[in-house]
1. Any residue that is open to solvent by 80 Å² or more (accessible area, probe 1.4 Å), modelled with pLDDT of 85 or more and not in a loop (DSSP other than H, G, I, E, B) - is there at least one of those in the stretch 118-140?
2. Could you name every one of the strands (runs of 3 or more DSSP E) located completely within the stretch 311-401 that has at least 2 residues being modelled with pLDDT under 85?
3. Pairs please, first residue from the stretch 282-294 and within 18 Å of D497 (Cβ to Cβ), second anywhere and among the aromatic types (F, W, Y) and not in a loop (DSSP other than H, G, I, E, B), Cβ atoms under 8 Å, 6+ apart in sequence or on different chains.
4. Does the stretch 68-80 hold any residues that are in contact with a helix residue (DSSP H, G or I) (Cβ under 7 Å, 6 or more places away or on another chain) and open to solvent by 40 Å² or more (accessible area, probe 1.4 Å), and which are they?
5. Going through the stretch 406-430 one residue at a time, which ones are touching a helix residue (DSSP H, G or I) at 6+ places or on another chain (Cβ under 7 Å) and farther than 19 Å from K454 by Cα?
6. Just the residues that are surrounded by 12 or more Cβ atoms within 10 Å (Cβ to Cβ) and either on the phi > 0 side of the Ramachandran plot or at pLDDT below 75 (or both), please, taken from the stretch 463-487.
7. Within the stretch 285-299, track down each residue that is open to solvent by less than 70 Å² (accessible area, probe 1.4 Å) and part of a loop (DSSP other than H, G, I, E, B).
8. What tally of residues in the stretch 411-440 results from selecting those that are more than 50 Å from the chain's Cα centre (by Cα) and either open to solvent by less than 90 Å² (accessible area, probe 1.4 Å) or closer than 20 Å to V457 by Cα (or both)?
Amino acid sequence: MENKSAAYMRLSQDDGDRQESESIRSQRALIRQYVDNNPALRLVSEYADDGWSGTNFDRPDFKRMMDDAAKGRINCIIVKDLSRFGRNYIGMGKYMERILPSMGVRLIAINDNYDSAKNNDSDNIIVPFKNLINDSYSRDISTKIRSQLDVKRKRGDFIGSYAAYGYKKDENNHNHLVVDEYSANVVRDIFNWKMEGMGCKSIADRLNERGVLCPLEYHRLQGINIKSGFLGGGEPKWTSGRVSSILRDRLYVGTMQQGKIRKVNYKSEQLKAVPEEEWICVEGTHEAIIDPDVFERVQELLRLDTCTAKVPGDNLFSGIVRCADCGQNLIRCGRGRGKKRYLNCCTFMGRLGCTSHYTNEDELYFRTLDAINVMAEYVLKLEEMMKLVRSTPVESREDGAREHIHALEEEMNRYRHLRAQLYEDLNEGIITGEEYDEFHASFTAKLEAARQAKEQVEAELAAFRTPDSDSLGFLKLFKKYRHIAVLDRRAVVELIDSIVVTDTDHITINFRFADRIEAMARYCGIEQENGQEGSE
């Protein structure tokens, strides 16, 4: 039978530091020299998988070679060693013992001194062990590489092939991201539009109408070739899913989130999602594009069951106005020509059991506008008061509070001692069992009252300290909306957490940053309204 031999070369990315081309040439030279020294062999084809793992047999040139073998174009495969053919122990056994013999294909591994055409009993023992060692080597290499990558991830190094939309790799350090101004501005627009009430689909449509390249096309314009299975038959466009993923990605506030997917095992190319709690997250690894407060507010908006607007300005209160009884959203109901527009509980409108909780949307507009102006004035007055308090020494106030705390601690110790002494008095007959119960309850109550008083004084002492600058960053929002004359969606979602409606005459507006406003008020030593505005 005519011998039609094929040379097969392979090197994976895990086998070296990207010296594949040199290694393939070396393998080719070794095989050709072997053929030259064996006149019975005739080399008719060459196949090379450069940069492909041997842990599976899903390789382009390997499959092409096996297809040629099935068609009778080759009947002998020559490799440098068995590991070049494959590193999968089970797969190697299947090919060497079943597939190749059934196809009448001879296998030669030069450095392993193996030739399937020669019946050598020692090969039946040694070759399986070699395949097992090759398999174990792949597993060890995979484990080491995964560990090395995890170390880089935990260090905050970026290890992706290409930077996410909005960023680019630092030319001086490819493990660090820097802002790409063009795409970063698109990301800012996406967040701004979401804050203004637009939905992901509407945002995607607006980007497509403006001719903004989607991330896939933009990366290709930058010379980055990205493989994707979602191209379809037309030009790639922005989609609601793509917009949603950008809005949810903490990368844009300077947090690196990696390790979101992993291979099932070292033999498989199949990927599986990693639970979010197991992601590797490192904060402050690169410059933020989106303000953290804006990002968190967008996450809240994404969680709301809202009717989003197609254009900014519509549906000012979507997802913000809640029913006082069931907590569900209020939705628009009946609006005819010349009629007022009302909001009512969605579960009442759907006949799901709740009662009517409605309000006139126009009246709600002006109440909310007034409430924002009132709260802005209040908060900015607090800021002025804080400046005055900061200029006043507080050492005397702190000393008095510490003395009070010390006195309360002594009082608590005295009541503990008296309560403990009761048991001895009972045993010695000084007091009766009834008196014991009465005194024990009394001392316990006094001890609890002293403990609560101590906690209150400690809170007052903490209030003497100036709130940190990070907690005061929200002041810029109230300055921005001070003396606001026209209410828009952006103002509503940036300043208001929720609006709770019992009916048109009973509305409570809950402002965001209530805890921070309260901290400012405590520092100034005044009562405050817990960030709420009520209408009765």
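1. no
2. Where strands (runs of 3 or more DSSP E) fall fully within the stretch 311-401 and carry at least 2 residues being modelled with pLDDT under 85, they are 330-333, 342-345.
3. Hits for this filter: V294/F191.
4. A70, K80 - these are the residues of the stretch 68-80 that are in contact with a helix residue (DSSP H, G or I) (Cβ under 7 Å, 6 or more places away or on another chain) and open to solvent by 40 Å² or more (accessible area, probe 1.4 Å).
5. L418, R419, L422, L426
6. A463, F464, R465, T466, P467, S471, L472, G473
7. If the condition is that a residue be open to solvent by less than 70 Å² (accessible area, probe 1.4 Å) and part of a loop (DSSP other than H, G, I, E, B), then T285, H286, A288, I289, I290, D291 are the ones that fit.
8. Adding up the residues that qualify gives 18.
The values are calculated or read from the model by the stated rules, or taken from the named source; none is laboratory data. Because the structure is a prediction, the values reported are computed rather than measured. Virtual Cβ from ideal backbone geometry, glycine too; neighbours counted across all protein chains shown. Quick note on the areas: whole protein, heavy atoms, side chains included, nothing else; ligands and nucleic acids left out. Shrake-Rupley method; radii C 1.70, N 1.55, O 1.52, S 1.80 Å.
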